[in-house]
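Chemist: Here it is, the structure, as structure tokens.
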Amino acid sequence: MQHSGSEFSSAWQMIAHGTPSTKIVMAVLAILSLVSWTLIVRKAVQFRRLHREADQFLDRIESAGSLDEAYSWVRGMGESPFTRLFKRGAAFFGELRPGAARAGSEVRGLSPAQLEVLRIVLEKEEGEERDELASGLNWLAIIASVAPLLGLLGTVLGVMNSFLSVAGAGSSSITVVAPGVAEALVATAGGLVVAIPAAMAYNYLLGRLNRFSAELEGISSELIGALAREGRI
């Protein structure tokens, strides 16, 4: 514990007494780390809430005796991607149904072309909900890619300054070279500290986003299946 504390203390001292280039790089990395952790926490809370809402929504839909009963329940529920998708599909079906009835056909449901349009509308709504939820994830990917490069940039600049110091001192002693090299390596470590959590969180949240998309697709299929069971399409 003491050894670990001395390492962090030494790193902080090297940054505090480092060159302006090292301070600038570490300041940028600190800002990226703050942005990264803010996005991670916000998205994790958001996905957990959506998972809970998905379970509640599916429980309501599966326990409904008919599509009309399910729709009345959905209208009484709070706004969520799942209720918006269900309402959009039900509303669009209501717009198509009178047209099919006026076509003079004995079939009271939708034609194959109208059913395909309904699927397209549902897929469009799914895409919009997914895009809205995916906002911010691209920044995690950017931070995970850029942070190590910034750290490497700080290391390169630090090594250059170290060699300039050696040239100015006229000596290649380890006592002259070591402080500058150690300061340069701190920038690399800082870049990795910022990038690793961002990369892990991005991949984890991307998996949750794919799961969310699958849940939306399941609700669309459930809506079309309910329409088919009740002879409406």
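Chemist: Can you work out the FRET efficiency for the pair Glu95 and Arg42, with r the C-beta to C-beta distance and R0 = 35 Å, to the nearest 0.05?
Modeler: Computed FRET efficiency for Glu95 and Arg42 comes out at 0.45.
Chemist: Still on this structure: How do 74-84, 24-34 rank on mean C-beta neighbours within 10 Å, highest first?
Modeler: 24-34, 74-84
Chemist: Enumerate the calculated ³J(HN,Hα) couplings along segment 122-133 in order (Karplus 6.51 cos²θ - 1.76 cosθ + 1.60, θ = phi - 60°), each rounded to whole Hz, writing x wherever the residue is Gly or Pro.
Modeler: The phi angles translate into 5, 5, 5, 5, 4, x, 5, 5, 5, 4, 5, 6 Hz.
Chemist: Could you check the spin-label model distance between Met160 and Glu79? Points 7 Å from the Cα along Cα→Cβ, value in nm.
Modeler: Output for this residue pair reads 5.1 nm.
Chemist: Here is a follow-up. Tell me the label-point distance for the pair Glu217, Ser111, using the 7 Å Cα-to-Cβ offset, in nm and rounded to one decimal.
Modeler: 2.9
Chemist: On to the next question. Read phi for every residue in segment 33-45 and hand back ³J(HN,Hα) as whole Hz from Karplus 6.51 cos²θ - 1.76 cosθ + 1.60, θ = phi - 60°, with x for Gly and Pro.
Modeler: 5, 4, 4, 4, 5, 5, 5, 4, 5, 5, 6, 5, 5
Chemist: Spelling out what I want: for every residue of segment 81-89, take phi, set θ = phi - 60°, compute 6.51 cos²θ - 1.76 cosθ + 1.60 (Karplus), and round to whole Hz; glycine and proline get x.
Modeler: For segment 81-89, the Karplus-derived couplings read x, 6, 5, 5, 5, 5, 5, 5, x Hz, x marking Gly and Pro.
Where a number appears in this text, it was derived from the coordinates with a stated rule and is not lab data. From a predicted model like this one, the values you see are computed outputs, not experimental measurements. FYI the Cβ positions are ideal-geometry reconstructions off the backbone, even for glycines, and counts take in every protein chain you see.
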